[in-house]
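Inspection log for the structure reproduced underneath, given as structure tokens.
The values are calculated or read from the model by the stated rules, or taken from the named source; none is laboratory data. Owing to the predicted nature of the structure, the values given are computational and were not obtained by experimental measurement. In this analysis, Cβ positions are derived from the backbone assuming ideal geometry, glycine residues included, and neighbour counts consider all displayed protein chains.
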Amino acid sequence: MTGKIVRIQRFSTTNGPGLRSTVFVKGCPLTCHWCHNPEMQESKKQLMVYPEQCKACGFCVKTCENGGHSFVDGKHIVDRTNCVLCGKCEQMCPHSAIELAGQDVEASEVLERLLRDRPFYDSSKGGITISGGEPLAQFNFTKELLQLCKAEGLHTCLDTSGWGGRAAELVEWVDLYLWDFKESDPERHKYYTGVELEPILDSLQKMNDAGGKCLLRCPIIPGVNDRDEHLSAIAELANRMPCIQVIDLVPYHRLGVAKADAIGMHQDEFSSLTQEEKDHFLSVVTAKTNTQARWI
Amino acid sequence: MDVQKARERLFAKDETFGYIDRERAIDEFLAKGNVPENQGERYVAALEYMMTQLSPLIIGDDLILGRMAEGPLPYELEYVPGNGFSHVGNPFPPTGGRDGGHMNLNYASLLENGLGGIAAKMEANAKTDTQKKYASLARRAAEAVRGYAARYADEAEKTGRDRAAKALRQVPYGPAYDMFSAVQSIWLVQMILSCATGGRDFAFSRLDVVLMPFYKKEEEDDILEILTALCLKCNEIGGLSSDLSDRMPIPCTSTNNYLMLGGKGAEHALPMSLLFLKAAHAVHLPQPIPAMRMSKDSPMEWKLACAKASQELDGQVAYYNDDVLIPNLIELGYPEEYALNYTMSGCNRVDYPGHRSADGYHNTVGLFLRTYHQEDVHDLDSLIEAFKVNMKWEAETFEGCQLFDPEEDMHFFLESMLLRGCVENVCDLENGGQDMQTVVHNLTGMATIGNSLAAIEKAVYIDKLLTFDELRDLVKNNFEGNPELHQLIRNRYPKYGNDIERVDRWTSIAANIMVDAVRQMNDGRYDRLHIPSLYSLFFHHELGEMIGATPDGRLAGEAISESQSPTYGTDKEGITALLQSVSQLPHNKIGCGGLNVRIEKKLPDEMVVALVDTYFALGGMNMCLTVLNRDTLLAAMEHPEEYQTLCVRIVGYSEVFVRLPDYMKQELLDRTAVAV
């Protein structure tokens, strides 16, 4: 089974327990305004150009047969209309300022690459994580990869928004879900993520009923969901769902803004939380649930 | 003891000052005339005079005593290569002819026998006239130090320091009798050697094991204070910058005090190993430099303490793998006891306690290039074969160690009293007195060579972009005329450090050729043991400046790769991939060598333990883990005044970041950081 991935990150320390490798798949039906991997939203390949790494050497201009790159007043201009995503400019860029995001790979090939770091997983009680993008948007590929990993005895995490309603079908091969819970208000959820909240909650319920376990990962975005009632709703959700082992509050970071620029998109920038705000929101959660909660 | 105050005093120190008493004493000694011609006699006569002249200085709440008076120097100084500056006509020339120190001392013997007892052993062992004469010099030196200690004892009494006064009436001339006297004994000798007679990098060796007989659980608080005082002392001698940067007009610009802790044979000394790390945390300064021995059987308590130290001491910590090094050293020719008790005697030089090894750096990339451009080399196979031949020649004609001339005048150096063999043979280290002569061959730039071989294979044989000779001409011309191909090779061809089998294999082939060339010398033809090491310290810049472009896309004059590290910036797959690549090197054949790894932020200690354990289980030998955030380094470059205490550690040396020269600061920034 072939899937589309962007990269495999080795030595991943924040996507589940221990030392892990994380497979980032390409394509996500959600359009979260703060997405930290905007290059993984589109399911097709995309050309990324990082202007801050570009030294205006002009190799890309000479290489591209379709006139995709030019420099105007020293500024790197990318014309994506004629880009055929051949990747030649990426190959010729001396400064890693150009990246072609997206590669087709067999699940078995991914497994082979993941197994390289098996000694590190074993010694640290780590394993592998499938993230993205939305892994459930490539359900069959994700399932096969999880099955292959479990057959090798690897610890598996699935980082998902719960989209698509089929997360529970994978319980047998997922040791731990990293369940990204973004917003508890249905209207705001629809506005900020582009999809309905209810099917996601149903999916969580089904996973819970099927005996799955998860870390509930809650990005807290200033001006979007940094409200006491949202934090309270997170706590209440944890009280209702025994599958939730830990609540991870995830602070907003701006990584997505530069990456969105690199693919020619715009992403809104949000402010950062202060330490006082973080302390407060954590206390709102811990006041209402006995489930462990923490900032990561 | 007010550690903070002591730290402030250190950072406020005027590094243009020198050891004023010392220079004055030398001046007077020379002016008095009747300076003996023989080095040994001159040395001892000067030592005797100096020991009566150095002020028994005590400052603040000094606990362990022994410090040098510093001030502006009115005396004429001359540069001593590798050793800072010294008085013109210095009666204490550096050992080894090149740099003083760089040895670890048999402090176990000092504590057991005292200098007086050691001198007595020499007197008993002396048979020939020369030996008798040498033993008499040792006796005079011991007595001279005894006199200095007595003057310190008087001063201690005056300031109400009864414990120090009592100790200094006994040590270092006599045996130590408790933890305080033991540490006091060691410090006074360490300071005299580093500052008065003047050398740098006298390593403490395994002090946890050496001091363990004096350990009492109920006295842990007191012991911690004593060790903290010792750790502070280590920062008082020498400047806080190294000979990379500003020079202090004193002997030992940057004396490093290496401290080997833990490992096999130190299991019983675990409380002392842990207390030393606690003291290092309390002091949080570049010195001493802890090096931590580890094996798969080490207790988890030790592993976790090491993980914490390696992350919180601004990375002033290196790990050594007992499971690899001990068998290696035995196979190389170390007696088992020495291998079990291995320690280090400078930078990254593995050694046994009470020994000085010679060492030097091979310009192996230069040799590889000369081979590559040889007329009879016309393909990869002939390149490899010719490199093997040339590398053998390089190793065998190495100038890393002078031969001892038995006809030479008798030498005397105080440190010889603490070196194995010199006491038994009643013969100075400079006359070949040590029980074993070893030479460490530092083999440099192996990633540059490995990447070059892999690039030749890909460009010529896999991609068939050009012929062997065409690529060679291009390299010879510094890639001029074909910038596209240069860019392709330099930036897109696979590089060592990314767990790519083909490239790692070539790097391993290169490393094996270099290492085997040294090892084959241990076949009985030579009177000394030759130890291969994959290590470059900071010479990768200097060596790179001397040579032309290499087939991996490196341009003429650019730095070669450092130690066991990939070429900076080329390992892009994360630390686990890096460690997988490095573990392919012939760690089972070498005696030294190191890998620098910088991570961007602190990890849970358990994760660091897993990382180190796994790397060592894969066969890795040494790792220096540094937690350094790029933003912090950039901020320190912009506002040095706010980062006066930011310390950084690279295999072999430890520095205050803001005092490094700019190119070294930049290198730390360029060093591949592993985002976590």
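When A:ALA235, A:ALA293 are checked against the criterion of being in contact with a helix residue (DSSP H, G or I) (Cβ under 6 Å, 6 or more places away or on another chain), modelled with pLDDT of 95 or more and not in a helix (DSSP H, G or I), a single residue qualifies: A:ALA293.
Checked against (1) in contact with a strand residue (DSSP E or B) (Cβ under 9 Å, 6 or more places away or on another chain); (2) away from chain B (no Cβ under 14 Å); (3) part of a helix (DSSP H, G or I); (4) hydroxyl-bearing (Ser, Thr, Tyr), A:TYR121 passes all but condition (2).
Against the test of being under 27 Å from B:MET344 (Cβ atoms), surrounded by fewer than 24 Cβ atoms within 10 Å (Cβ to Cβ), of a type in the set (Lys, Arg) and in contact (Cβ under 8 Å) with a residue 24 or more places away in the chain, the options B:LYS133, B:LYS121 yield a single qualifying residue, B:LYS121. The range B:285-389 holds helices (runs of 4 or more DSSP H) entirely within its bounds, and those carrying 1 or more residues that are farther than 22 Å from B:ASN512 by Cβ and either assigned by TED's automatic domain parsing to the domain that holds B:LEU543 or touching a Ser or Thr at 6+ places or on another chain (Cβ under 6 Å) (or both) map to B:322-332.
Within the range B:587-597, being crowded, with 23+ Cβ neighbours inside 10 Å and out of contact with any Cys (no Cβ under 8 Å at 6 or more places or on another chain) holds for B:HIS587, B:ILE590, B:GLY591, B:CYS592, B:GLY593.
Only one of the numbered conditions (1) on the phi < 0 side of the Ramachandran plot; (2) crowded, with 22+ Cβ neighbours inside 10 Å; (3) more than 14 Å from chain A (Cβ to nearest Cβ); (4) not hydroxyl-bearing (Ser, Thr, Tyr) is violated by B:GLN644, and that is (2).
Per the conditions (1) more than 14 Å from every other protein chain (Cβ to nearest Cβ); (2) surrounded by fewer than 18 Cβ atoms within 10 Å (Cβ to Cβ); (3) touching a residue at least 60 places away in the same chain (Cβ under 8 Å), the sole criterion not satisfied by A:LEU85 is (3). Of all residues in the range B:587-628, those being at pLDDT 95 or above, within 9 Å of chain A (Cβ to nearest Cβ) and part of a loop (DSSP other than H, G, I, E, B) number 1. Within the range A:88-98, restricting attention to residues that are over 26 Å from the mean Cα position of the chain (by Cα) and among the hydrophobic types (A, V, I, L, M, F, W, C), the residue that is farthest from the other protein chains (Cβ to nearest Cβ) is A:CYS89. Look at the range B:168-179: where a residue is over 14 Å from B:GLY147 (Cβ atoms) and surrounded by 24 or more Cβ atoms within 10 Å (Cβ to Cβ) and a partner is at pLDDT 95 or above and of a type in the set (A, V, I, L, M), sitting 6+ places away or on another chain with Cβ atoms under 6 Å, you get B:ALA176/B:LEU111; B:ALA176/B:ALA182.
The residues of the range A:176-192 that are under 23 Å from A:THR14 (Cα atoms), in contact (Cβ under 8 Å) with a residue 40 or more places away in the chain and out of contact with any Gly (no Cβ under 7 Å at 6 or more places or on another chain), listed by number, are A:PHE181, A:LYS182, A:GLU183. Taking residues in the range B:576-590 that are within 15 Å of A:THR13 (Cβ to Cβ), and partners anywhere that are buried (at least 22 other Cβ atoms within 10 Å of the Cβ) and among the aromatic types (Phe, Trp, Tyr), the pairs with Cβ atoms closer than 6 Å and at least 6 places apart or on different chains are B:THR576/A:PHE11; B:THR576/A:PHE120; B:LEU579/B:TYR615. Working only within the range B:280-311, note down all residues that are within 30 Å of B:VAL658 (Cβ to Cβ), surrounded by fewer than 23 Cβ atoms within 10 Å (Cβ to Cβ) and in contact (Cβ under 8 Å) with a residue 40 or more places away in the chain. Within the range B:280-311, B:ALA282, B:HIS284, B:LYS308, B:GLN311 qualify. Could you tell me whether B:ALA577 is out of contact with any helix residue (DSSP H, G or I) (no Cβ under 9 Å at 6 or more places or on another chain), at the interface with another protein chain (Cβ under 9 Å from one of its Cβ atoms) and assigned to a helix (DSSP H, G or I)? The answer is yes for B:ALA577.
Annotation note: of A:LEU154, A:LEU136, the sole residue that is in a helix (DSSP H, G or I), among the aliphatic types (A, V, I, L, M) and either within 14 Å of another protein chain (Cβ to nearest Cβ) or more than 16 Å from A:ARG217 (Cα to Cα) (or both) is A:LEU136.
Looking at the structure I just gave you, is A:GLN103 out of contact with any helix residue (DSSP H, G or I) (no Cβ under 9 Å at 6 or more places or on another chain), surrounded by fewer than 23 Cβ atoms within 10 Å (Cβ to Cβ) and closer than 25 Å to A:LEU19 by Cβ? For A:GLN103, the condition - out of contact with any helix residue (DSSP H, G or I) (no Cβ under 9 Å at 6 or more places or on another chain), surrounded by fewer than 23 Cβ atoms within 10 Å (Cβ to Cβ) and closer than 25 Å to A:LEU19 by Cβ - is met.
For the range A:10-36, taking the residues that are in contact with a Phe, Trp or Tyr (Cβ under 7 Å, 6 or more places away or on another chain) and surrounded by fewer than 22 Cβ atoms within 10 Å (Cβ to Cβ), the one that is nearest to the other protein chains (Cβ to nearest Cβ) is identified as A:GLY18. Total residues in the range B:465-518 satisfying the condition of being modelled with pLDDT of 95 or more, within 11 Å of another protein chain (Cβ to nearest Cβ) and loosely packed, with under 15 Cβ neighbours inside 10 Å: the figure is 1. Within the range B:37-61, the set of residues being at pLDDT below 95 and assigned to a loop (DSSP other than H, G, I, E, B) comprises B:GLU37, B:ASN38, B:ILE59, B:GLY60, B:ASP61. Comparison of A:CYS86, A:CYS54, A:CYS60 shows that the only residue that is among the hydrophobic types (A, V, I, L, M, F, W, C) and out of contact with any strand residue (DSSP E or B) (no Cβ under 8 Å at 6 or more places or on another chain) is A:CYS86.
Can you find even one residue in the range A:175-186 that is within 18 Å of A:GLN41 (Cα to Cα), surrounded by fewer than 18 Cβ atoms within 10 Å (Cβ to Cβ) and touching a His at 6+ places or on another chain (Cβ under 8 Å)? Within the range A:175-186 (the criterion being within 18 Å of A:GLN41 (Cα to Cα), surrounded by fewer than 18 Cβ atoms within 10 Å (Cβ to Cβ) and touching a His at 6+ places or on another chain (Cβ under 8 Å)), the answer is no, since none of the residues qualifies. Under the condition of being under 29 Å from the mean Cα position of the chain (by Cα), surrounded by fewer than 19 Cβ atoms within 10 Å (Cβ to Cβ) and modelled with pLDDT of 90 or more, the residues counted in the range A:46-79 number 2. In the range A:92-100, is there at least one residue being under 26 Å from A:CYS218 (Cα atoms), without any contact (Cβ under 8 Å) to a residue 60 or more places away in the chain and assigned to a strand (DSSP E or B)? Within the range A:92-100 (the criterion being under 26 Å from A:CYS218 (Cα atoms), without any contact (Cβ under 8 Å) to a residue 60 or more places away in the chain and assigned to a strand (DSSP E or B)), the answer is no, since none of the residues qualifies.
With the structure loaded, tell me whether B:GLY569 is assigned to a loop (DSSP other than H, G, I, E, B), buried (at least 24 other Cβ atoms within 10 Å of the Cβ) and within 14 Å of another protein chain (Cβ to nearest Cβ) or whether it fails that test. Lay out the reasoning, then the answer.
Details: assigned to a loop (DSSP other than H, G, I, E, B): yes; buried (at least 24 other Cβ atoms within 10 Å of the Cβ): no; within 14 Å of another protein chain (Cβ to nearest Cβ): yes.
No.
Pick out the one residue from B:GLY117, B:GLY100, B:GLY89, B:GLY96 that is touching a Gly at 6+ places or on another chain (Cβ under 8 Å) and either among the hydroxyl-bearing types (Ser, Thr, Tyr) or at pLDDT below 95 (or both).
Details: B:GLY117 fails: either among the hydroxyl-bearing types (Ser, Thr, Tyr) or at pLDDT below 95 (or both); B:GLY89 fails: touching a Gly at 6+ places or on another chain (Cβ under 8 Å); B:GLY96 fails: touching a Gly at 6+ places or on another chain (Cβ under 8 Å).
Testing whether each residue is touching a Gly at 6+ places or on another chain (Cβ under 8 Å) and either among the hydroxyl-bearing types (Ser, Thr, Tyr) or at pLDDT below 95 (or both) leaves just B:GLY100.
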